[in-house]
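One structure below.
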Amino acid sequence: MTRSTHQALADERNESVEIYINGEFFPRHEAKISVFDSGFLVGDGIWEGMRLHHGRFAHLDRHLDRLFAGAAAIDLDIGLDRESVAAALQATVDRNAMEDSVHVRLMITRGDKKTPSQHPSNNIGGPNIVIIAEHKAADPEVRDRGISLFTATVRRPPPDTLDQKLNCHSKLHEVIALIQATNAGADEALMLDPTGAVATCNATNFFIVRGGEVWTSTGQYNLNGITSALVVEVANGAGIPTRQTAFSLTDVYSADEAFVTGTFGGLTPVHTIDGRTIGSGAQGPMTIRLRELYDTAVAAAVS
């Protein structure tokens, strides 16, 4: 059975959640955006995924930093300041009486166009802002059992093609990579950078453990993940050596452990890559240790 780092336990409460659209709330099955929306037409938009723990958004400032940096990079005027965005997020979870084990997706596009076109001069009105909050507890079986990866032929593009530091709506290359991986019988895709070094996965950041050291990529060809940055920080704080460096599949196949990181799943072990068992094939001690440190950091952030 295919697994996913975004695999959640079923929750019937999600059928009745209300969706935030441009300052108003709509029942899930009535929430709509125009077919002339810039995100739908040309993938013109940015987004953030956040977790709500004990009534508070974990590392909200970091998410807002990344959101507004992305908006500046694509010359998108969100129309709201940081405090107003934070207030909209809080209003959404309050509206749905949410406290814990909640995942929130904030999406902002350049808005509606008067005709299908890339040109921003055809935009009418302001941006479209959508917030979807759902009750989502990560499936513990995925966390404990781990996932398998397949190295896709689709590579992460360089910054002068589509800067992978942008958390933008243009994700087709990642979708194609994921389809390759699932068609090959794996759960998710591992992606290389233009030089052939390991970059990241289709939706998560990738780490290996070698000789007691924790390695991840340089970050030049992948999203500046908030969870991955936190893992590096807590590892360094605990005296665990880390490297943000270029490495190849040769290093990966002989690694002691491998895991991926993301806002939703936290740390998820990887047991197989390209049909090769990584380490013992079971969740390794370093992955377990780093998850404990990460969970402690998240708890401290929302206390």
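Quick notes on this one:
- Between ALA137 and ASP274, the contour length at 0.36 nm per residue exceeds the alpha carbon distance by 46.5 nm.
- Net charge dipole, the chain: roughly 400 debye, given to the nearest 20, about the Cα centre with Cβ charges of +1 for Lys and Arg and -1 for Asp and Glu.
- Over the chain: helical MRE at 222 nm, DSSP H runs n ≥ 4 each giving -39500 (n - 2.57), nearest 500: -8500 deg cm²/dmol
- Scattering from region 231-289 was approximated by placing one identical point on each alpha carbon and applying the Debye formula without solvent; log10 I(q)/I(0) at 0.15, 0.17, 0.21 1/Å stands at -0.49, -0.63, -0.95.
- In this rough spin-label picture, where each label sits 7 Å from Cα along the Cβ direction, the TYR253-ALA86 distance is 4.9 nm.
- Relative to the Cα centre, the charge distribution of region 187-299, modelled as +1 at Lys and Arg Cβ and -1 at Asp and Glu Cβ, gives a dipole magnitude of about 120 debye.
- Options THR204, THR151, HIS59, ranked by Cα towards positive dipole end of the chain, top entry (Cβ charges): THR151
- Of all lysines in the structure, those lying under 18 Å Cα to Cα from LYS114, and not within fewer than 8 positions of it along the same chain, are LYS32.
- Based on the reciprocal of the average 1/r between different C-alpha atoms, the Kirkwood radius for the chain equals 20.1 Å.
- Annotation: lysines with alpha-carbon distance below 28 angstrom to LYS165 (same-chain offsets under eight excluded): LYS113, LYS136.
- For region 12-137, the spread of Cα positions along each principal axis, largest first, Å: 43, 31, 21
- If R0 is taken as 30 Å, the Cβ-Cβ distance between VAL302 and GLN244 corresponds to a FRET efficiency of 0.65.
- Across region 141-301, the mean sequence separation of Cα contacts (distance under 8 Å, 6 or more residues apart), normalised by length, yields a relative contact order of 26 percent.
- Positive-end residue, the chain charge dipole about Cα centroid, Cβ charges, pick of ALA10, ASN224, ASN183: ASN183
- Relative to the current alpha-carbon distance between ILE176 and HIS29, full extension at 0.36 nm per residue lengthens the span by 50.1 nm.
- Candidate aspartates and glutamates - alpha carbon under 17 Å from LYS171, same-chain residues fewer than 8 apart omitted: ASP37, ASP44, GLU48, ASP160, ASP163, GLU188, ASP193
- Across region 141-301, counting alpha-carbon atoms alone, Rg and Dmax equal 14.6, 40 Å.
- Difference of contour (0.36 nm per residue) and Cα-Cα distance, ALA184 to ASP77: 34.4 nm
Each value in this text was obtained by applying a stated rule to the coordinates, not by laboratory testing. Predicted, not measured: the structure shown is a model, and the values here were computed from it. In this analysis, Cβ positions are derived from the backbone assuming ideal geometry, glycine residues included, and neighbour counts consider all displayed protein chains.
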